[in-house]
1. In deg cm²/dmol and to the nearest 500, what is the mean residue ellipticity at 222 nm of the chain if only DSSP H runs of at least 4 residues count, each as -39500 (n - 2.57), divided by the residue total?
2. Cut-off is 10 Å between beta-carbons; in what order do Tyr32, Tyr48 appear when sorted fewest neighbours first?
3. Using amide H atoms built 1.01 Å from N in the peptide plane, name the residues 5+ places from Val43, or on other chains, whose amide H lies under 5 Å from its own.
4. Would you work out which of Gly38, Val14, Ala49 lies farthest towards the positive end of the dipole of the chain, given +1 charges on the beta-carbon of Lys and Arg and -1 on that of Asp and Glu, about the Cα centre?
5. Kindly state, as a whole number, the per residue volume in cubic angstrom of the convex hull around the alpha carbon atoms of the chain.
6. Relative contact order of the chain: what whole-number percent is it, with Cα pairs under 8 angstrom and at least 6 residues apart?
7. What does the charge dipole of the chain about its Cα centre add up to, to the nearest 20 debye, if the Cβ of each Lys and Arg holds +1 and the Cβ of each Asp and Glu holds -1?
8. By DSSP, what percent of the beta bridges with both residues in the chain are antiparallel, rounded to the nearest 5?
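Any read-out appearing in this document is the output of simple, stated calculations on the displayed coordinates, not a laboratory observation. Every value quoted in this text rests on a predicted model; they were computed, and no experiment measured them. All Cβ positions, even for glycine, are placed from backbone atoms using ideal geometry, and neighbour counts span all protein chains on display.
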Amino acid sequence: MITNKDRFLDVDFVPDNQIRPIGTVGSDRLVYLGKQQGTGSLVVSRSYAPQFTPTEKFFAVPLDELYAHSQDPITIEGA
């Protein structure tokens with residue numbers, strides 16, 4: 001579940017069953033949630049659960065904003 005989905009009117013979110021890990025932010029999983037319309041920029045979230053499950057609560061953020069504001073290293077393994 002994406003808790004702030006209503007703030008992203010220009011994002012095509014994937015169905016819950018297609019939410020998947022695509023890398024890491026520090027020691028947390030980086031999860032793919034969708035793409036911004038027009039630019040195709042990724043929208044992602046951190047996953048804090050010990051085991052990944054697409055039913056956990058996610059807080060969406062554009063990947064470029066995460067890069068700009070994160071002090072943790074970000075690794076993309078597959079998008």
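1. Working: 1 runs with 7 residues, N = 79.
Result for the chain: -2000 deg cm²/dmol, rounded to the nearest 500.
2. With the fewest neighbours first, Tyr32, Tyr48 line up as Tyr48, Tyr32.
3. Those lying under 5 Å, H to H, from Val43 are Leu33, Gly34, Lys35, Gln36, Leu63.
4. Positive-end residue among those listed: Ala49.
5. Expressed per residue, the convex hull around the Cα atoms of the chain is 86 Å³.
6. Once divided by the residue count of the chain, the mean separation gives 34 percent.
7. 140
8. Working: 19 of 20 bridges.
Given both bridge residues lie in the chain, the antiparallel proportion sits at roughly 95 percent.
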